[in-house]
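The values are calculated or read from the model by the stated rules, or taken from the named source; none is laboratory data. Because the structure is a prediction, the values reported are computed rather than measured. As a convention, Cβ positions derive from the backbone with ideal geometry for all residues, glycine included, and neighbour counts pool all protein chains shown. With ligands, DNA and RNA removed, areas are computed over all heavy atoms of the protein, side chains included. Shrake-Rupley method; radii C 1.70, N 1.55, O 1.52, S 1.80 Å.
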Amino acid sequence: MLPYAEPYKIKMVERIYRSTEKERKQWIKEAKYNLFKLKSSQVYIDLLTDSGTGAMSDKQWAAMMTGDESYAGASSYYKLKNTVKKIFGFDYFLPTHQGRAAENVLFSTIIKEGDIIPGNSHFDTTKGHIEFRKAKAVDCTTDEAFDTSSDFPFKGNIDLNKLENTLKKYPKEKIPLIIVTITNNSSGGQPVSLQNMKEVKKLAEKYDIPVFFDSARFAENAYFIKIREEKYKNKTIKEIVKEMFSYADGMTMSSKKDAIVNMGGFIAMKSKELFKKASVYNIMYEGFITYGGLSGRDMNAIAQGLEENTEFETLEARIKQVEYLGIKLIEAGIPVQRPIGGHAVFIDAKKFLPQIKKEEYIAQTVAVELYIVGGIRGVEIGTVLADRDPVTGKNRYPKLELVRLAIPRRTYTNSHMDYVAAVCKKIFDTRHEAKRGLKITFEAPIMRHFTAEFEKIK
Ligand code: F0G
């Protein structure tokens, strides 16, 4: 068999600056060892997120030029509405400016104080929007997700026992929806199987609870279903996506991921009644229902992106690049979440630096080293992100301390991946020299991740 290669070539490039270690030591100190505080010009390879950082295609740029910027009833709105209907099967749709805005509108409509929202490792903004409404997110992720060395193919799955126990425990009125995040970002970009989606829907029907998919990386999830779920190996990605969403009552979407645009989101649903109620909040928070915080050109680009990124070849190139980096790290002996996820490689920091105490922010310590040694910006998914218990004010130490290296779509080449792997290996080979981690010198009352300040412990 011939090797695979990308189904595109590059038309425009952007210069990036490869700084020196001396410069980076100074910059990260000035940034108080928080990677969010760096200027992008101080970063060589930016793996902070795959959200809004992808490269649009020539066809997406062309679609931007034909955007209809009418306030009401723009043709760009209908174009996206029709694409949403075609790809996901939903009749009702509301554009929003990004994924968390979709959550805000939907949750304002259906979540009230004291509610319970089961799901699989709800994403931070999802959890934030739930907790802000004094409701509770109950994590029903399968236990396999917490063992980074297990090769279980669907670590994003919902544990049906955990879900049913939750559904049984509370009255129906207290559970406005179940949220299935595809792929599951927080557990390592891990997919949910179609079988699991089907079973979740069956259970939800038994208890008469709607199911919504948090769909940021739905296409990557569909790719994994095709590759890993025998029954679907001969189906197209579009056919798989159609079946996936037949088990949902609606979806929230961050178009910044699998629609490969720099900004955008939406909500789609089956129920006309819900659409009508949600429209009120959309108008209040986002904009009129036919633009929802987006320009017409943005909606055109999303429609085109959804079409392109539900093609097998586009997804194969993307996911194989993430895997390419992951395999290089595994070959170097570096502990990572396995199997490699769809959008990122997650380094298991507790295994990387076992000598550092959890009180000294292990994953943040590894992330800072990656920056100093190689100018690579990843992100901590560990104690800093998990934040403090709202009641005790003490750190909530999560099961996993991860450093996420998220790969933007169609942005970096495999030479960049080779470079990233070499930097990781260099740090890993000298890991025994690390004696101490970091201490926090400033933290905001909530969401400290973005603004916390640290000092190196000598
Ligand atoms: N849901 C999931 C699963 C996400 O990963 C994100 C964003 C959102 C919802 C919110 O979407 O950013 O458009 O408002 N994830 C980004 C990340 C920020 O880096 O993983 P948004």
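Summary table below
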quantity: Filtered residue count, the stretch 134-151, keeping only those that are surrounded by 18 or more Cβ atoms within 10 Å (Cβ to Cβ) and touching a Ser or Thr at 6+ places or on another chain (Cβ under 6 Å); calculated: 3
quantity: Which listed residue is over 21 Å from F224 (Cβ atoms), at pLDDT 95 or above and open to solvent by 40 Å² or more (accessible area, probe 1.4 Å), from E205, E103, E199, E131; calculated: E205
quantity: All positions within the stretch 267-295 that are touching a Lys or Arg at 6+ places or on another chain (Cβ under 9 Å) and either in the same structural domain as I407 (by TED's automatic domain parsing) or closer than 28 Å to H343 by Cα (or both); calculated: A268
quantity: Of residues in the stretch 22-55 being over 28 Å from G189 (Cα atoms) and open to solvent by 70 Å² or more (accessible area, probe 1.4 Å), the one farthest from the ligand (Cβ to nearest atom); calculated: K22
quantity: Which listed residue, of I225, I260, is touching a Phe, Trp or Tyr at 6+ places or on another chain (Cβ under 7 Å), open to solvent by less than 70 Å² (accessible area, probe 1.4 Å) and farther than 18 Å from I179 by Cα; calculated: I225
quantity: Number of the condition not met by G326 [criteria: (1) surrounded by 24 or more Cβ atoms within 10 Å (Cβ to Cβ); (2) of a type outside the set (D, E, K, R); (3) in contact (Cβ under 8 Å) with a residue 40 or more places away in the chain]; calculated: (3)
quantity: Single condition Y232 does not satisfy, out of (1) surrounded by fewer than 24 Cβ atoms within 10 Å (Cβ to Cβ); (2) closer than 25 Å to Y77 by Cα; (3) among the hydroxyl-bearing types (S, T, Y); calculated: (2)
quantity: Top-ranked residue of the stretch 301-338 - restricted to ones that are at pLDDT 95 or above and in a loop (DSSP other than H, G, I, E, B), ranked as nearest to S57 (Cα to Cα); calculated: N309
quantity: Candidate set: the stretch 156-192, residues that are closer than 18 Å to K206 by Cβ and in a loop (DSSP other than H, G, I, E, B); chosen: the one farthest from the ligand (Cβ to nearest atom); calculated: P171
quantity: Some residue of the stretch 313-328 being more than 16 Å from the ligand (Cβ to nearest atom), more than 14 Å from R410 (Cα to Cα) and basic (K, R); calculated: yes
quantity: Unique match (being within 14 Å of the ligand (Cβ to nearest atom), in the same structural domain as D258 (by TED's automatic domain parsing), assigned to a helix (DSSP H, G or I) and not hydroxyl-bearing (S, T, Y)) among A101, A137; calculated: A101
quantity: Any chance Y4 is surrounded by 10 or more Cβ atoms within 10 Å (Cβ to Cβ) and modelled with pLDDT under 95; calculated: yes
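Yes/no per residue for (1) within 15 Å of the ligand (Cβ to nearest atom); (2) without any contact (Cβ under 8 Å) to a residue 12 or more places away in the chain; (3) of a type outside the set (A, V, I, L, M, F, W, C):
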site: V241; (1), (2), (3): no, no, no
site: S246; (1), (2), (3): no, no, yes
site: M251; (1), (2), (3): yes, no, no
site: L274; (1), (2), (3): no, no, no
site: Y281; (1), (2), (3): no, no, yes
